[in-house]
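Single-structure report; data block below.
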Amino acid sequence: MLGQRKEILMATDGTYKLHFGGWTLVSFGTYGVRYNTTLQYQHKFYPAAFMFVRTETAYAYARLFTVVKDRTKEFFGGILDVQFGSMDHSSEIANAFRQVWPDIKLLNCWPHLDRNARRKNGLLTDSDRYENIIKPQLDYLSLSRSFDQFEALSNLVTSNWSALGETEYAHWLEDQYLVDPWDLWLYTASDEPGIVPNQNPIESHHHAIKTTAVMHLRAATGHVLARTLPRILSQCAMDFGSDIICHYASGPVGSETIQAAMNLCASENHYPKHRGKSKRAILSIGQHYFNAEYYVVRDDNVHGLNVDASRTRLYERSLDGILRAHEKIENVQLRYLSLHRVTILERVPFEHDWDYPSWRVEEIKTIRQKFKCDCKTFYQSGWLYAHVLACLQLVDAVDLNAMLRGLPARRPPGRPRKKAKCLERDGVRRSQYSVSALIKRLVDKPASVINWSVLGTWTSTDDDGAEISRDFVGTVKPPFLRAGKRHWEVEYNEIEKLEEYEAEALATTINYSFRMGHITVPS
């Protein structure tokens with residue numbers, strides 16, 4: 001870490017179930033990115049020191065940080081200058097961090113906020129609004145591309161909640177998570193790839209030591225000191241490995257990422273357009289804009305939008321905290337979260353070693369030196385996502401097709417699936433027509449249900465006042481967007497009705513039709 005000179009992140013948190021009296025074991029360390037056996041780039045916690053205390057106070061944390069800082073200078077001859085501190089919503093930790101490192105940037109855990117926001121739904125006048133309104137809009141804020149954009153969108157979101165009558169919930173968010181030092185929970189808060197506001201790695205570390213290194217939970221003090229802590233220290237020392245701890249890791253690039261990058265290289269999916277430009281003109285471009293995944297133009301995506309000057313200007317202004325006047329919350333995703341920007345940092349040449357299956361650390365360092373993307377995956381992995389690969393092809397002429405052809409063929413995990421027998425089709429169809437599967441289909445491929453036949457139920461009364469429920473056959477019409485949401489119309493000719501459905505309602509209707517034995521798919 002000392003060799004990095006910058007980008008040093010330290011994280012801390014406590015776990016409470018080791019001691020019968022509720023004493024806390026506090027872990028203090030750093031995060032590093034690793035490519036794991038599940039073929040993913042993940043963050044891993046590496047402990048540097050532990051503290052066993054009765055009460056978590058700012059004094060105790062400051063003492064822990066000071067001891068680590070002093071021992072670093074004593075043992076390694078360097079000054080531990082921490083730029084980033086990762087934490088949950090704890091004033092004791094925040095005060096201690098700033099006491100020892102006054103210029104530190106404090107990152108507040110987004111998953112922790114997400115859980116707390118759900119617990120606070122009792123503040124809502126209508127609890128159903130959490131899933132339909134609060135949660136999606138909090139997700140918007142966490143995906144903000146810059147802090148200025150985050151502040152502008154936060155004002156828009158909380159104003160929207162207050163207008164709906166949810167003033168108490170809006171004030172809770174403003175008081176707890178939109179003021180210093182709790183307001184850095186968007187994924188780009190650090191402004192350094194590989195550093196994200198997430199305490200899950202240290203929580204996974206605590207879970208691991210309690211399940212593998214600890215013989216007894218809630219043990220006596222003597223047992224914790226004589227048995228538990230030595231076992232934890234021994235296991236953590238053996239778990240470090242020999243690789244350098246840093247905010248990126250060597251590893252391969254999957255075929256899905258390469259294919260996504262190739263889609264982004266299509267002229268409709270990036271701006272400025274490269275078609276017809278000279279190499280010199282392309283090299284003079286300082287920022288490249290790409291569609292977010294949901295809006296990529298391709299044959300199977302009805303949400304695809306062309307990236308043009310108008311969209312990029314609006315997006316660029318939002319990064320500086322400027323939204324359209326009298327903006328509505330329904331426009332946030334389309335106008336301000338539908339693009340990603342890759343900034344060209346340095347004009348350095350790049351060559352990929354085609355004989356090496358993984359991307360080497362030297363290549364990754366060059367990519368981090370050349371490009372900076374504002375997408376979540378780039379910050380999580382520290383270097384990799386489709387936008388950067390697309391820039392490598394557009395700017396440095398790296399052949400993604402050759403890269404895709406060079407990937408080794410890999411069988412899907414697990415045992416091969418049995419071939420379905422002739423009488424087993426209903427089981428397969430039943431899973432395909434479940435409500436959850438249909439919702440996924442409608443979200444991923446909204447136009448795939450055009451002209452499907454469904455049953456709609458209407459209730460009426462006869463002359464004797466008895467209630468009658470009757471099904472009528474309807475035909476699904478092409479989808480359309482209203483206020484950023486996808487809708488479908490179903491035309492019931494027999495009763496001359498045109499009913500409008502959202503995804504969940506239409507999925508339920510199709511599922512009912514299937515269960516009734518109605519043939520939904522046109523022949």
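No value in this document is a laboratory result; all are computed from the given coordinates. Everything quoted here is computed from the prediction, not taken from an experiment. All Cβ positions, even for glycine, are placed from backbone atoms using ideal geometry, and neighbour counts span all protein chains on display.
What percent do you get for the relative contact order of the stretch 422-515 when only Cα pairs under 8 Å and 6+ apart count?
It comes to 26 percent, rounded to a whole number.
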task = Express in nm, to one decimal, how much length is gained between Ile450 and Met516 on full extension, taking 0.36 nm for each residue of separation and deducting their alpha carbon distance.
result = 21.8 nm
note = Fewest to most Cβ atoms within 10 Å: Cys391, Cys265 sort as Cys265, Cys391
key: Full-extension gain in nm, Asn36 to Thr508, via 0.36 nm per residue minus C-alpha separation   = 166.0 nm
task = For the stretch 82-98, take each phi angle, set θ = phi - 60°, evaluate the Karplus expression 6.51 cos²θ - 1.76 cosθ + 1.60, and give the result in whole Hz per residue in order, putting x for glycine and proline.
result = 8, 8, 10, x, 9, 7, 8, 6, 9, 5, 4, 5, 4, 5, 5, 4, 6
ask   = In whole percent, what relative contact order does the chain give with Cα contacts below 8 Å and a gap of six or more residues?
value = 13 percent
task = Quote the relative contact order of the stretch 255-405 in percent (integer), defining contacts as alpha-carbon pairs under 8 Å separated by 6+ residues.
result = 29 percent
query = Under a 5 Å amide H to amide H cut-off, with H placed in plane at 1.01 Å, what residues pair with Asp13 once short-range neighbours are removed?
reply = Ser27
inquiry  = If I take R0 = 51 Å and measure r between the Cβ atoms of Asn200 and Ile495 in this structure, what FRET efficiency does the formula 1/(1 + (r/R0)^6) give, to the nearest 0.05?
reply    = 0.45
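Sort 395-404, 462-471, 366-375 by the packing proxy (mean of other Cβ within 10 Å over each peptide's residues), most packed first.
Packing proxy ranking, top to bottom: 366-375, 395-404, 462-471.
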request  = Rank by packing, highest mean first: peptides 349-360, 376-387, with packing defined as the count of other Cβ atoms within 10 Å averaged across residues.
outcome  = 376-387, 349-360
ask   = Roughly what would the spin-label model give for Thr475 and Phe240, points 7 Å off Cα along C-beta, in nm?
value = 7.1 nm
note = CD proxy, 222 nm, the chain: helix-only mean residue ellipticity via -39,500 (n - 2.57) per DSSP H run with n ≥ 4, per residue, nearest 500, stands at -10500 deg cm²/dmol
request  = Would you work out if the stretch 255-405 is rounded, prolate or oblate? Take a ≥ b ≥ c from the square roots of the eigenvalues of the alpha-carbon gyration tensor; rounded if a/c is under 1.5, else prolate when a/b is larger than b/c, oblate otherwise.
outcome  = prolate
query = Around Met87, which amide H atoms from residues at least 5 apart in sequence, or from another chain, sit under 5 Å from its own amide H, with H modelled in the peptide plane?
reply = Leu107, Cys109
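What ranking do Ser154, Ser27 get, fewest neighbouring Cβ atoms within 10 angstrom at the top?
On the way: Ser154 20, Ser27 24.
Neighbour counts put them in this order, fewest first: Ser154, Ser27.
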message = Whole-Hz ³J(HN,Hα) for each residue in the stretch 40-52, computed from phi via Karplus 6.51 cos²θ - 1.76 cosθ + 1.60 with θ = phi - 60°, x for glycine and proline: what do you get?
response = 9, 8, 10, 8, 10, 8, 10, x, 10, 7, 10, 9, 10
remark   = Each label sits 7 Å from Cα toward the beta-carbon; between Glu131 and Arg119 the label points are separated, in nm, by 2.1 nm
remark   = Gyration tensor on Cα atoms of the stretch 422-515, a ≥ b ≥ c root eigenvalues, a/c under 1.5 rounded, else prolate if a/b beats b/c, else oblate, says oblate
ask   = How far, in nm, would the chain grow between Asp300 and Arg280 when pulled straight, counting 0.36 nm per residue and subtracting the alpha carbon separation?
value = 3.7 nm
remark   = Scalar couplings 3J(HN,Hα) for the stretch 127-135 by Karplus 6.51 cos²θ - 1.76 cosθ + 1.60 (θ = phi - 60°), nearest whole Hz, x for Gly and Pro, are 5, 5, 5, 4, 5, 8, 10, 5, 4
ask   = What are the residues whose amide H is under 5 Å from the amide H of Trp359, where those residues sit 5 or more places off or on another chain and H is modelled from the backbone?
value = Gly251, Val253
message = I need the shape label for the stretch 159-245. Rule: rounded when a/c is under 1.5, else prolate if a/b > b/c, else oblate, with a, b, c from the alpha carbon gyration tensor.
response = oblate
